[in-house]
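Since the structure comes first, as structure tokens, the remarks are kept for the end.
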Amino acid sequence: MSAREQRRAWVLSRVEAEEMGVAEAAGLLGLTERSIRRLRVRLAAQGPAGLVHGNRGRASPRRVPAATRARILELVEETYFDVNDSHLAELLAEREGIEVSRVTLRRILRGAGRPPRRRRRAPQHRSRRDRMPQEGMLLQTDGSRHDWLGERGPRLTLVGLIDDATGRVTAATFREQEDSAGYLEVLAVTLRRHGVPGAIYHDRHGIFEPSLKQPLTLEEQLIDTRVPTQLGRAFAELGIGSVTARSPQAKGRIERHWGTFQDRLIPELRIAGIDDRDGANAFLPDYLVRHNRRFSVPAAEPEPAWRRLSRGTHLERVCCFKYRRTVARDGTVRAGATILQVPPKPNRRSRAGQKVELHVRLDGRLVIWDGEHELVTTPAPLDPVQLRALGHARVEVGHKPPSAATATAPPSPAHPWRRVAPGTKLATTIKAEREGRTGSLKSQRTDSLICDRAGRCG
């Protein structure tokens, strides 16, 4: 018997001896009078053994079997060694078919001597901003450079957009570095799936807004303003507000998500055997569905604030890189090392001198836009300078290279270029060289310059 059961037996014995009333006994034991009467009946029928709980010595029906506990420890040791307790409970249910709660799992791991992955940080007082009431009113964007693939692959940057009202990740992609193309890509995916948001909350990266420390260019001085970045231009064309955060804590919603991604996404990429950027991007869509199902919350107002794209707006014309170009006199436009042939006007007149827009699409295509139409362009033929620079390339595509004899053999003495008139100074010099006498190289060059094609020298 336990100490509590022994105390109950002593009190009940005093009640039976009429040394104590039922109400007094109930007060001492912390029970009701009805419970005291029931215990008196069990004591009279079974003796002190009747006060012992009936489940004493029995295993709990909710207890995890020993085989399951051993299997969990085996999986943690071999596969899920870098997964936290909450994530481990989810993976065991999804991948292994083992349904255990986080508390039970933590009890099993700590009982086996496995410490937690990281210590709990002391709570800090924070003044948090309330979420936006509607989905689509405000999106937060940022990039996180991290060893997402561990030691199996290169260091990558995860670029994403997160809705402020729900915490839902609308789009994300892995990039080699934080660049405008990555942000334009996630923006295009968000616009295609949900619509146009009210505003985007970002940091002070030069991708979003021009640096105030850099001096104005000549073009900017003429228009008395700074030329927007590619992302700033895309926001303006779509009517999206641009809000700049002055500190990382200001956009803590997405910063907190990066911690969750680093805690959960890295082990999942390792378990899936992914070691390159393409594989990681192919893995992301299914993972984001599970991530949003686990961490997103409903908005305060059910009506979303997404706007539809205006009629006539093409995403591929907005989410791209735009550059102003002037058509050259030969009807071409240069895009880096690529030269595009611009077609003439409908009246067959050249577009030389015309201002056009060069669009570099996210898929790498180059498009010329004259303000109203997309011009069908073709790669321009190479000019003579490029042909000479790429002379070796013609040999690779089937042109017969010159033979070594013709390429390196010097002209014969009987060649017209080598003939000289007898009795001239140049002829005397050549004769002296043949006899072993050396002359001045300068005089030889001078004499060769004053000789005409007929071989007469003056």
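The values are calculated or read from the model by the stated rules, or taken from the named source; none is laboratory data. Small disclaimer: the values here were computed from a predicted structure and weren't measured. Cβ sites come from the backbone with ideal geometry, for glycine too, and all protein chains shown count toward neighbours.
Some observations on this one:
- Residue match in segment 96-115 (condition: surrounded by 11 or more Cβ atoms within 10 Å (Cβ to Cβ), of a type in the set (G, A, S) and part of a helix (DSSP H, G or I)): no
- Complete set of residues in segment 314-343 that are on the phi > 0 side of the Ramachandran plot and assigned to a strand (DSSP E or B): none
- Beta carbons closer than 9 Å, at least 6 apart along the sequence or on distinct chains, pair a first residue in segment 1-28 that is free of Cβ contacts under 8 Å to residues at least 24 places away in the same chain with a second that is among the small types (G, A, S) for V11/A25; R14/A25; E19/S13; A26/S35.
- Answer residue from segment 290-331, given it is among the polar types (S, T, N, Q) and at pLDDT 90 or above and is surrounded by the fewest Cβ atoms within 10 Å (Cβ to Cβ) among those: T326
- Of the residues making up segment 10-41, those that are under 15 Å from V52 (Cα atoms) and basic (K, R) are R38, R40.
- Filtered residues of segment 284-313 (kept if part of a loop (DSSP other than H, G, I, E, B) and among the acidic types (D, E)): E301, E303
- Residue pairs meeting the criteria (Cβ under 7 Å; at least 6 apart or on separate chains; first crowded, with 18+ Cβ neighbours inside 10 Å, in segment 262-276; second acidic (D, E)): P267/D82
- Among residues of segment 181-212, those that are of a type in the set (D, E, K, R) and within 14 Å of D142 (Cβ to Cβ), counted: 2
- A residue that is in a loop (DSSP other than H, G, I, E, B), over 20 Å from the mean Cα position of the chain (by Cα) and modelled with pLDDT of 90 or more occurs nowhere in segment 260-283.
- Complete set of residues in segment 168-204 that are in a loop (DSSP other than H, G, I, E, B) and within 22 Å of R145 (Cβ to Cβ): E176, Q177, E178, D179, D203, R204
- Any hit, segment 317-330, residues being farther than 25 Å from G241 by Cα and among the polar types (S, T, N, Q): yes
- Restricting E151, E178, E209 to those that are assigned by TED's automatic domain parsing to the domain that holds G273, out of contact with any helix residue (DSSP H, G or I) (no Cβ under 9 Å at 6 or more places or on another chain) and touching a residue at least 24 places away in the same chain (Cβ under 8 Å) reduces the list to E178.
- Residues within segment 53-71 that are out of contact with any helix residue (DSSP H, G or I) (no Cβ under 6 Å at 6 or more places or on another chain) and either under 18 Å from Y287 (Cβ atoms) or not small (G, A, S) (or both), tallied: 11
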